[in-house]
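Q: First, the structure itself, so that you have it in front of you.
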Amino acid sequence: MSNPHDIFVSYAHVDNECLPGETDGWVTQLIATLEVYLRQKLGRSEKYTLWRDPELPGNVPLTPEILETVRASEIIVLVLSPGYVASSWCLDELAAFVKTKGVDSGRVFVIERDKLAESDRPMILADLKGYAFWVADKQQSGVVRTLGTPAMVDYRADYFRQVEDLAIQLVRKLKQIRQSDPESSGGINLNPSVASGEEMTTPASQYFFFTPPETEVANGDSTNSSLSTHTNLATVYVAPVPDTLQLERNDFIRVLNQHRIEVLPKSNRINYSTFQQEMEADLARSQCFIQLLDGSGNMGLVRAQYQNAKQLDVDVMQWRSSELQIDEITDQDQVELLRGQHVMASDLVNFQQYLLKKLFPPEEPVIKQEIAQDAQQIIFINVGSEDRALAERVSKQLTAHGHFCLLPLTPNERSRPADIRKDMEQNMRYCDALLLLYDASPITQIRQFLMQSWRMRAQRDKPLPTAVCISPNNPDNNLSAMAKNLRVLRCADNVPFPAECVEAFLEGTA
């Protein structure tokens, strides 16, 4: 009987042929790099075993010994390529492993050496998203290049990052397997802090999808945890992108995961038959819709994603590179999308920072000031549901100045629309000042609030000082509204309603 191994590497020998001037093939270099990362993350080489067969020629039958080795292995890492799907030997290895361990066990790791059409992928891998070791050529449409080849030296950082991500997930899966079955692979203990025989908590099973590495936990050791052990602070939808933006999307997701932000969907691949239903379900769980754009409309799919998000009334955030030459794009629908009101033209790092500030606005330092009792005011902060969190933060700033703040009632199953409307009218009638915050809310809603306050003027004893604070994040800042007691505050900072706006608002209501 074959000795069990932790990792079995399955690949087509044609993918490991040496290029002229190279001493090692592509697979050999990849595995050598992977093993370095595995040793570093596990502590030493004897903590795992890896099996591959670099010697046997590809024209001999698959031996019973090799099949037994496949079945006895804990994890299979396969190098998916045209050569792989053309090799009956490789497909037999995969079938033997899946029959023993199951395709949904989280033990099948797919390295995509080349991009394959959906119809060319083995059916058994249909629902598995692999680690893409290819990038789309930005100069030649429909052409992809393999990472880790001499021609792709400018993408070395992306190559090593993908290998390290693979090592991180392999280590997590190996530790999970050891915790659930300490006797597997000869009883090698991957967690020396837990003595043999002690009870260990088995983390939830992880299905294999590409997930960027998570941040370290408080004690500095993230290698013994899974994503399920952390509570996500936010959930966002990052739309699947064309091949030309796949690396940017992967990097973007990696940063969000480091800030404990869950990203949907889990895969960049799209099932066209269920695309809309799956997108609606994911958006229902998300705080915002994020879309990375370039000159490719992806046969109308990019625009369809945006339209779905708008129909569902989800906060939209879009990005394009500031270096993108829009005038050179011939797809007019894509040009219109790239020039839309929600698009931020910048480098990706600035867009990431903008998103993080929007999801986690920094708390303004509260400066307590004593003011005379007769100078204290009742301030009604009226906002749409999209800006409720911002209104709560602003109310803390204003109450620190000694004022009394009111926010609109939050609808629930016991509240009637008539009661909510009556409460709003009373707030506008008796408050000393009205503040409208315009960040993520639709501009039509802000104009509706202004109209309601204007209609209430006849029921008031004195004019109602009104201010609209417009966030710098909102390019649609033309209210097209004017009134005697209406002031418009445009925040200069990247944070909606900073301390300077607080002072400007209070000066106008004094």
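Q: Taking region 423-446 on its own, how many of its residues are among the hydroxyl-bearing types (S, T, Y) and either surrounded by 21 or more Cβ atoms within 10 Å (Cβ to Cβ) or in the same structural domain as Q287 (by TED's automatic domain parsing) (or both)?
A: Qualifying residue count, region 423-446: 2.
Q: A further question on this structure: When region 320-352 is examined, which residues are found to be in contact (Cβ under 8 Å) with a residue 60 or more places away in the chain and out of contact with any helix residue (DSSP H, G or I) (no Cβ under 9 Å at 6 or more places or on another chain)?
A: Q341
Q: Against the definition (within 22 Å of G142 (Cα to Cα), part of a helix (DSSP H, G or I) and either touching a helix residue (DSSP H, G or I) at 6+ places or on another chain (Cβ under 8 Å) or in contact (Cβ under 8 Å) with a residue 40 or more places away in the chain (or both)), how does R254 come out, yes or no? Walk me through it before giving the result.
A: Working: within 22 Å of G142 (Cα to Cα): no; part of a helix (DSSP H, G or I): yes; either touching a helix residue (DSSP H, G or I) at 6+ places or on another chain (Cβ under 8 Å) or in contact (Cβ under 8 Å) with a residue 40 or more places away in the chain (or both): yes.
Considered against the rule, which asks whether it is within 22 Å of G142 (Cα to Cα), part of a helix (DSSP H, G or I) and either touching a helix residue (DSSP H, G or I) at 6+ places or on another chain (Cβ under 8 Å) or in contact (Cβ under 8 Å) with a residue 40 or more places away in the chain (or both), R254 comes out as no.
Q: Tell me which residues, restricted to region 11-33, are part of a helix (DSSP H, G or I) and touching a residue at least 40 places away in the same chain (Cβ under 8 Å).
A: First, the residues of region 11-33 that are part of a helix (DSSP H, G or I): 13-16, 26-33.
H13, V14, D15, W26, V27, Q29, L30, T33 - these are the residues of region 11-33 that are part of a helix (DSSP H, G or I) and touching a residue at least 40 places away in the same chain (Cβ under 8 Å).
Q: Can you tell me which residue within region 72-92, out of those that are surrounded by fewer than 17 Cβ atoms within 10 Å (Cβ to Cβ) and more than 35 Å from the chain's Cα centre (by Cα), is farthest from V14 (Cα to Cα)?
A: Among those that are surrounded by fewer than 17 Cβ atoms within 10 Å (Cβ to Cβ) and more than 35 Å from the chain's Cα centre (by Cα), it is D92.
Q: Among the residues of region 284-314, which ones are of a type in the set (D, E) and at positive phi?
A: Quick first cut of region 284-314, residues of a type in the set (D, E) only: 294, 313.
Once the filter is applied, which keeps residues that are of a type in the set (D, E) and at positive phi, region 284-314 yields only D313.
Q: Conditions: (1) part of a helix (DSSP H, G or I); (2) free of Cβ contacts under 8 Å to residues at least 12 places away in the same chain; (3) under 20 Å from N16 (Cβ atoms); (4) of a type outside the set (V, I, T). A157 meets all but one. Number of the miss?
A: All conditions are met except number (3).
Q: Here is a follow-up. Looking at region 8-50 only, could you name the residues that are modelled with pLDDT under 90, more than 18 Å from Q169 (Cβ to Cβ) and either out of contact with any helix residue (DSSP H, G or I) (no Cβ under 6 Å at 6 or more places or on another chain) or surrounded by 18 or more Cβ atoms within 10 Å (Cβ to Cβ) (or both)?
A: Correct list: G21, E22, R44, E46.
Q: Let me ask another. I need the helices (runs of 4 or more DSSP H) fully contained in region 318-417, keeping only those with at least 2 residues that are touching a Cys at 6+ places or on another chain (Cβ under 6 Å) and either modelled with pLDDT under 90 or exposed (fewer than 12 other Cβ atoms within 10 Å of the Cβ) (or both).
A: Numbers: elements: 332-338, 348-359, 388-399.
Hits in region 318-417: 388-399.
Q: Of these, A218, A195, A239, A234, which one is hydrophobic (A, V, I, L, M, F, W, C), at pLDDT 85 or above and over 23 Å from V110 (Cα atoms)? Lay out the reasoning, then the answer.
A: Details: A218 fails: at pLDDT 85 or above; A195 fails: at pLDDT 85 or above; A239 fails: over 23 Å from V110 (Cα atoms).
Every option except A234 fails the conditions.
Q: Same structure, new question: Of the numbered conditions (1) more than 32 Å from the chain's Cα centre (by Cα); (2) outside any helix (DSSP H, G or I), R455 fails exactly one; give the number of that condition.
A: Of (1) more than 32 Å from the chain's Cα centre (by Cα); (2) outside any helix (DSSP H, G or I), only one is false for R455: (2).
Q: When you look at A433, is it over 39 Å from the mean Cα position of the chain (by Cα) and touching a residue at least 60 places away in the same chain (Cβ under 8 Å), yes or no?
A: yes
Q: So, restricting to strands (runs of 3 or more DSSP E) that lie completely within region 67-148, which ones have at least 3 residues that are closer than 20 Å to Q246 by Cα and either in contact (Cβ under 8 Å) with a residue 40 or more places away in the chain or touching a strand residue (DSSP E or B) at 6+ places or on another chain (Cβ under 9 Å) (or both)? Write out each step before concluding.
A: On the way: elements: 75-80, 108-112, 134-136, 144-146.
In region 67-148, the matching strands (runs of 3 or more DSSP E) lie at 108-112, 134-136, 144-146.
Q: Go through region 486-510 residue by residue and tally those that are touching a helix residue (DSSP H, G or I) at 6+ places or on another chain (Cβ under 9 Å), in a loop (DSSP other than H, G, I, E, B) and either modelled with pLDDT under 70 or not hydrophobic (A, V, I, L, M, F, W, C) (or both).
A: Here the count works out to 7.
Q: Something else: Since D476 meets every condition but one in (1) modelled with pLDDT under 85; (2) farther than 21 Å from R487 by Cβ, which condition does it not meet?
A: Unmet for D476, out of (1) modelled with pLDDT under 85; (2) farther than 21 Å from R487 by Cβ: (2).
Q: Please work out if Y306 is in the same structural domain as D333 (by TED's automatic domain parsing), touching a Gly at 6+ places or on another chain (Cβ under 9 Å) and under 30 Å from E328 (Cα atoms).
A: Details: in the same structural domain as D333 (by TED's automatic domain parsing): yes; touching a Gly at 6+ places or on another chain (Cβ under 9 Å): yes; under 30 Å from E328 (Cα atoms): yes.
Here the answer is yes, as Y306 does meet what is asked.
The values are calculated or read from the model by the stated rules, or taken from the named source; none is laboratory data. Quantities reported herein were computed from a predicted structural model and do not represent experimental measurements. Cβ atoms come from the backbone with ideal geometry, glycine included; neighbour counts cover every protein chain shown.
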